[in-house]
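Read the structure below first, then the notes.
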Amino acid sequence: MKYNIFYLFVMLLYIKIYTRHHSSFVEGNHIYILMEHVDGESLLEQLEACADKGERVPESMIWDVFIQLTLGLTYLHTQKRVVHRDLTPANVMVDNKGVVKITDFGLARQKNPFNSFMKTSVGTISYSCPEIVKNEAYTDKADIWSLGCILYHMAALKTPFQGSNALVVAQGIVEGTFEPLPKGYSPLLEGVITKLLSKQAQQRPNIIKVGRLIAPVLLAHMQKQVDSLKQNPLLFFHLL
């Protein structure tokens, strides 16, 4: 599929994928980093609030968050060659306008141009891929697995792999079995989750293929942003 250049430009411009760094300084033996303030809350807090109220997340809202995460990871993986390695709802901020921010890059690592595999076991167990759980080498597809876990969590209001302790959770991850989504969600949503949570990393799509999987909703999302810019041209300068 060929994307219009203007759509690509809007796609990269619209998604402010990470909290911005304003300044940093050293004082004594400490390094202080001043980051952008996000006027909102974490995705985890939003999901927990929905679960407490017994409310499901509308699929349109799920796609809105997921698309922004996909575009953000596309930038990280392809332009910056960075693997986040701890992508969870707690590390995703949503501001009051619905703009998604990926935060907490403390475990992130830039990919080696000569060897894409990593070996350090890091991250949050509930969102860790089978390769990490089994202490095997892994690639940026560890982020794809985490992205699938987040997508499932938004729809089911719980993580896909549950257990009374970390060992039970790890066993479920290695086996790759999880409960079906609640009824009412689209086959596209269910299908994307299944592909992203493939046990074998080779069968898991890379971030570019994830974009292709969600092409119908992705294009609709970008058209919405284009229409917003047409109605409010000043928004263009706000996004810079």
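The values are calculated or read from the model by the stated rules, or taken from the named source; none is laboratory data. As the structure is a computational prediction, the values presented were derived from the model and not from experiment. Here Cβ is always computed from backbone atoms with ideal geometry, including for glycine, and neighbour counts include all displayed protein chains.
Here are the numbers for the structure shown:
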item: Single residue of segment 166-188 satisfying the filter (under 24 Å from S42 (Cα atoms) and over 20 Å from the mean Cα position of the chain (by Cα)) that is surrounded by the most Cβ atoms within 10 Å (Cβ to Cβ); result: V169
item: Any hit, segment 175-185, residues being in a helix (DSSP H, G or I) and hydrophobic (A, V, I, L, M, F, W, C); result: no
item: Residue in segment 217-237 that is at pLDDT 90 or above and closer than 23 Å to V99 by Cβ present; result: yes
item: Residues within segment 72-103 that are within 19 Å of H153 (Cα to Cα) and of a type in the set (K, R), tallied; result: 2
item: Count of segment 89-107 residues which are small (G, A, S) and within 21 Å of S128 (Cβ to Cβ); result: 2
item: Any chance K209 is over 27 Å from R56 (Cβ atoms) and surrounded by fewer than 16 Cβ atoms within 10 Å (Cβ to Cβ); result: yes
item: Extreme residue, nearest to E41 (Cα to Cα), among residues of segment 103-156 that are aromatic (F, W, Y) and assigned to a loop (DSSP other than H, G, I, E, B); result: F105
item: Qualifying residue in segment 196-210 (condition: over 18 Å from L71 (Cα atoms), without any contact (Cβ under 8 Å) to a residue 12 or more places away in the chain, in a loop (DSSP other than H, G, I, E, B) and in contact with a Phe, Trp or Tyr (Cβ under 9 Å, 6 or more places away or on another chain)); result: no
item: Residues that are surrounded by fewer than 20 Cβ atoms within 10 Å (Cβ to Cβ) and part of a helix (DSSP H, G or I), drawn from segment 52-100; result: D52, K53, E59, S60, M61, D64, T74, Y75, T78, Q79, A90
item: Close pairs from segment 139-165: first within 21 Å of T120 (Cα to Cα), partner small (G, A, S) and not in a loop (DSSP other than H, G, I, E, B), Cβ under 6 Å, at least 6 apart; result: K141/A201
item: Failed item in (1) β-branched (V, I, T); (2) modelled with pLDDT of 95 or more; (3) farther than 15 Å from I125 by Cβ, with I173 passing the rest; result: (3)
item: Residue in segment 20-43 that is modelled with pLDDT of 70 or more, in a helix (DSSP H, G or I) and closer than 19 Å to L151 by Cα present; result: yes
